[in-house]
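Below: one structure, written as structure tokens.
The values are calculated or read from the model by the stated rules, or taken from the named source; none is laboratory data. What you are looking at is a predicted structure, and each value in this text was computed from that prediction instead of being measured. We place every Cβ from the backbone using ideal geometry, glycine too, and count neighbours over all the protein chains shown. In case anyone asks, the SASA skips ligands and DNA or RNA and just uses the protein heavy atoms, side chains included. Shrake-Rupley method; radii C 1.70, N 1.55, O 1.52, S 1.80 Å.
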Amino acid sequence: METIWLYQFRLIVIGDSTVGKSCLIRRFTEGRFAQVSDPTVGVDFFSRLVEIEPGKRIKLQIWDTAGQERFRSITRAYYRNSVGGLLLFDITNRRSFQNVHNWLEEAQSHVQPHSIVFLLVGHKCDLEAQRQVTQQEAEKLAGAYGMRYVETSARDAINVEKAFVDLTRDIFELVRSGDIKIQDGWEGVKSGFVPNTVHSSEEVTKGGRQCFC
Amino acid sequence: MAAPSLVLYIDRSLFARRVKDNRSVEQRDPGWKLFGKVPPREGPVKDPKRIQKEYETKSGRAGPGNPTSPRQSVRKNLDFEPLSTTALILEDRPANLPAKPAEEAQKHRQQYEEMVAQAKKRELKDAQKKKKQLEDRCKLEDSIGSAAQTWNQEILPNWSTMCTSRRVRDLWWQGIPPSVRGKVWSLAVGNDLNITHELYSICLARAKEKWKTTPAPSSETETEDAGSSDRESSLELIKLDISRTFPQLCIFQQGGPYHDVLHSILGAYTCYRPDVGYVQGMSFIAAVLILNLDTADAFIAFANLLNKPCQMAFFRVDHSLMLTYFAAFEVFFEENLPKLFAHFKKNNLTPDIYLIDWIFTLYSKSLPLDLACRVWDVFCRDGEEFLFRTALGLLRLYQDVLTCMDFIHMAQFLTRLPDLIPAEQLFQHIAAVHMTSRNRKWGQVLQALQKDQERGSPVLKR
């Protein structure tokens with residue numbers, strides 16, 4: 001039996017290659033830091049339940065995308081059906097920070113007519129000595145785009161839970177206030193109370209058999 | 001070793017003994033027993049656990065053995081060293097305790113012998129199983145050895161005439177022996193690009209030149225404009241990805257024996273095909289080739305392999321052509337596995353979700369390496385079609401599991417296949433996949449879809 005959840009949110013995780021997208025998600029969903037991980041080709045999938053209020057559980061479906069620029073024409077197809085996104089950069093890699101606005105533009109132009117609630121994540125904050133992006137400038141950039149900013153470390157498990165839970169709460173509020181609506185044919189938000197009705201295969205065989213007997 | 005005859009011997013001798021013992025039990029009177037009175041003719045069948053317990057309580061109290069003790073005769077007969085605790089049960093009781101009645105001693109001896117016989121049987125069974133495993137392994141090695149001989153002496157010298165023969169194709173399907181694998185792959189992939197070892201050296205030299213002039217990735221001197229950053233970072237990305245290629249093998253990582261070779265091949269390729277450059281997934285293909293070929297030959301095979309239409313479409317991320325491939329795949333998917341196809345449709349699970357990783361890395365990331373090599377074997381024989389056929393074989397193999405899953409579980413399952421995939425079973429399922437749809441072969445279906453696509457059919461639009 002699946003655990004009961006109120007809503008399912010589909011989140012997409014984007015950002016330059018090797019900023020640590022997969023490691024962050026793994027820390028969140030598996031609770032451990034993977035010392036070795038292979039590069040994501042295409043997209044990987046994760047899921048986890050989050051309790052945002054006592055008794056209110058949200059199922060997160062997390063799409064982990066390939067970071068290499070070449071794959072963008074593939075991954076851009078996945079924006080449309082996402083309600084939330086974590087946009088990662090590596091605080092020790094200035095270029096990954098400079099690319100943040102490219103990622104946002106890319107996402108904005110492919111998510112129409114929907115929109116994505118983004119969270120800016122400065123990752124690998126355990127590597128303070130190698131920092132190339134200050135917290136202030138990252139916060140400023142996030143503010144300019146109306147996003148929250150959080151610094152995380154998958155290795156030391158810093159703010160990982162917070163990043164996902166805060167984003168989930170923000171989306172939940174927007175769903176509750178009606179700013180985000182559940183729509184047919186859109187996978188971003190799904191209600192958890194869809195009853196398990198008649199199997200379509202049964203219907204098919206019922207209808208199809210009649211004329212042949 | 002003559003194990004079977006030994007079994008027979010033991011069984012027979014034990015059987016004889018048991019019959020004799022039973023007779024002697026009947027002749028004896030009931031007597032004293034440590035755990036209370038026992039009716040005189042208790043059947044020989046007794047809970048083995050209880051017996052064990054009884055023996056254990058007695059262990060450590062054994063007196064000196066006498067020359068005619070049953071224990072000795074058992075030993076002689078079985079040529080078998082019993083476990084220490086069970087050995088003691090056949091000893092006489094210490095002098096301060098009443099002596100074991102003859103009947104009880106007889107019974108104990110009998111039960112003990114049964115236990116020993118069972119243990120012996122088990123041991124023999126295990127030994128036989130191990131022997132069988134060893135034999136199987138030897139047989140497999142022999143067959144690999146003889147297959148390697150066939151490939152080396154018969155097929156490879158006459159490659160152009162033999163490679164399409166029925167016999168060779170059958171042998172090919174069963175998997176190419178690792179010792180000739182690289183050679184066969186090279187021949188099958190061919191060298192349409194006419195790359196020479198010299199050309200490889202030139203490309204490598206150019207790549208090395210570039211590495212020298214490119215500043216270290218972590219420095220603050222990054223001022224390139226956005227346009228060139230992807231291409232430049234290609235060299236950087238190679239460095240980062242090499243250590244992430246088959247990390248569990250620990251041979252491509254910094255300091256590992258193949259680190260530099262992998263780096264060289266990928267670097268040389270970006271100089272050979274700057275229009276394609278390095279794309280994630282390539283490092284896995286190059287790594288598999290390196291495991292089977294010398295460096296320059298691995299490079300030649302690598303470049304020619306990537307030059308195949310399907311690989312070019314994917315590595316250049318020609319999105320519309322990729323969608324055409326997916327559409328062709330779905331034609332055969334629906335034809336072969338209509339129920340699963342409907343289940344996927346219902347859950348909006350599109351083929352890109354699992355095929356991208358499988359095709360980009362030619363299954364080397366998703367299947368166990370030895371199995372991936374077997375897929376490569378037939379891929380080299382049958383071309384791109386086999387990659388999609390393998391995908392259908394996998395779906396067919398796991399059809400029952402998948403039909404019980406929802407979107408996210410299917411997506412997770414397919415992007416992270418089980419660690420243990422039964423090779424023979426998978427190949428049986430692949431073999432059962434029909435690669436014809438309404439009398440059209442893979443190539444024809446693909447071509448028709450490509451034409452539709454050129455005409456701007458909305459079918460392929462997302």
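The number of residues in the stretch B:297-354 being open to solvent by 30 Å² or more (accessible area, probe 1.4 Å) and touching a strand residue (DSSP E or B) at 6+ places or on another chain (Cβ under 8 Å) comes to 2.
Which pairs do you get when a residue that is more than 7 Å from chain B (Cβ to nearest Cβ), found in the stretch A:28-41, comes within reach of a residue that is open to solvent by 10 Å² or more (accessible area, probe 1.4 Å) and assigned to a loop (DSSP other than H, G, I, E, B), reach meaning Cβ atoms under 7 angstrom, with the pair 6+ apart or on two chains? Within 7 Å, the pairs are A:Phe33/A:Arg155.
Examine the stretch B:388-407 for a residue that is without any contact (Cβ under 8 Å) to a residue 12 or more places away in the chain, surrounded by 15 or more Cβ atoms within 10 Å (Cβ to Cβ) and in a helix (DSSP H, G or I), and state whether such a residue exists. Lay out the reasoning, then the answer.
Taking the stretch B:388-407 first, the residues without any contact (Cβ under 8 Å) to a residue 12 or more places away in the chain are B:400, B:404-405.
Those still in the list that are surrounded by 15 or more Cβ atoms within 10 Å (Cβ to Cβ) too: B:405.
With in a helix (DSSP H, G or I) added as a condition, the list becomes none.
No, the stretch B:388-407 contains no residue that is without any contact (Cβ under 8 Å) to a residue 12 or more places away in the chain, surrounded by 15 or more Cβ atoms within 10 Å (Cβ to Cβ) and in a helix (DSSP H, G or I).
Within the stretch B:164-187, the set of residues being over 22 Å from the mean Cα position of the chain (by Cα), under 13 Å from B:Asp377 (Cα atoms) and surrounded by fewer than 19 Cβ atoms within 10 Å (Cβ to Cβ) comprises B:Arg169, B:Lys183, B:Leu187.
Against the condition outside any loop (DSSP other than H, G, I, E, B), open to solvent by less than 40 Å² (accessible area, probe 1.4 Å), farther than 23 Å from B:Val184 by Cβ and away from chain A (no Cβ under 13 Å), how does B:Leu426 come out, does it pass? No; evaluated as a whole, the condition is false for this residue. Scanning the stretch A:102-155 for residues that are touching a residue at least 40 places away in the same chain (Cβ under 8 Å), open to solvent by less than 10 Å² (accessible area, probe 1.4 Å) and within 17 Å of the chain's Cα centre (by Cα) yields A:Trp103, A:Leu104, A:Ala107, A:Leu119, A:Val121, A:His123, A:Thr152, A:Ala154.
Being open to solvent by less than 30 Å² (accessible area, probe 1.4 Å) and modelled with pLDDT of 95 or more: is that true of A:Gly85 here? Before the answer, list the steps.
Values: open to solvent by less than 30 Å² (accessible area, probe 1.4 Å): yes; modelled with pLDDT of 95 or more: yes.
Taking the combined requirement at face value, the residue satisfies it.
Among the residues of the stretch B:329-352, those identified as among the charged types (D, E, K, R) and under 16 Å from B:Trp442 (Cβ atoms) are B:Glu330, B:Glu334, B:Glu335.
A residue that is in contact (Cβ under 8 Å) with a residue 24 or more places away in the chain, open to solvent by 10 Å² or more (accessible area, probe 1.4 Å), closer than 22 Å to B:Gln248 by Cα and more than 14 Å from every other protein chain (Cβ to nearest Cβ) can be found somewhere in the stretch B:408-420. Taken across the stretch B:354-362, residues that are part of a loop (DSSP other than H, G, I, E, B), farther than 30 Å from A:Gly185 by Cα, at pLDDT 95 or above and hydrophobic (A, V, I, L, M, F, W, C) do occur, with at least one present. Residues that are more than 20 Å from A:Val133 (Cα to Cα) and without any contact (Cβ under 8 Å) to a residue 40 or more places away in the chain do occur in the stretch A:15-27.
Could we say that A:Ile91 is under 20 Å from B:His319 (Cα atoms), in contact with a Gly (Cβ under 8 Å, 6 or more places away or on another chain) and in contact (Cβ under 8 Å) with a residue 24 or more places away in the chain here?
Numbers: under 20 Å from B:His319 (Cα atoms): no; in contact with a Gly (Cβ under 8 Å, 6 or more places away or on another chain): yes; in contact (Cβ under 8 Å) with a residue 24 or more places away in the chain: yes.
Spelling it out, it is not the case that A:Ile91 is under 20 Å from B:His319 (Cα atoms), in contact with a Gly (Cβ under 8 Å, 6 or more places away or on another chain) and in contact (Cβ under 8 Å) with a residue 24 or more places away in the chain.
The rows are residues; the columns are (1) at pLDDT 95 or above; (2) closer than 24 Å to B:Phe407 by Cβ; (3) touching a Ser or Thr at 6+ places or on another chain (Cβ under 6 Å).
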| position | (1), (2), (3) |
| --- | --- |
| A:Tyr149 | yes, no, no |
| A:Ala154 | yes, no, no |
| A:Thr168 | yes, yes, no |
| A:Arg176 | no, no, no |
| A:Gln183 | no, yes, no |
| A:Lys190 | no, yes, no |
| A:Thr205 | no, yes, no |
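Restricted to the stretch B:237-257, and to residues there that are at the interface with chain A (Cβ under 9 Å from one of its Cβ atoms) and either in contact with a Lys or Arg (Cβ under 7 Å, 6 or more places away or on another chain) or not in a loop (DSSP other than H, G, I, E, B) (or both), the residue that is nearest to A:Asp16 (Cα to Cα) is B:Leu237. Does A:Arg27 fit the bill of being over 11 Å from the mean Cα position of the chain (by Cα), surrounded by 22 or more Cβ atoms within 10 Å (Cβ to Cβ) and basic (Lys, Arg)? For A:Arg27, the condition - over 11 Å from the mean Cα position of the chain (by Cα), surrounded by 22 or more Cβ atoms within 10 Å (Cβ to Cβ) and basic (Lys, Arg) - is met.
Return the residues of the stretch B:436-448 that are open to solvent by less than 30 Å² (accessible area, probe 1.4 Å) and modelled with pLDDT of 95 or more; say none if nothing qualifies. Passing the criteria: B:Trp442, B:Val445, B:Leu446.
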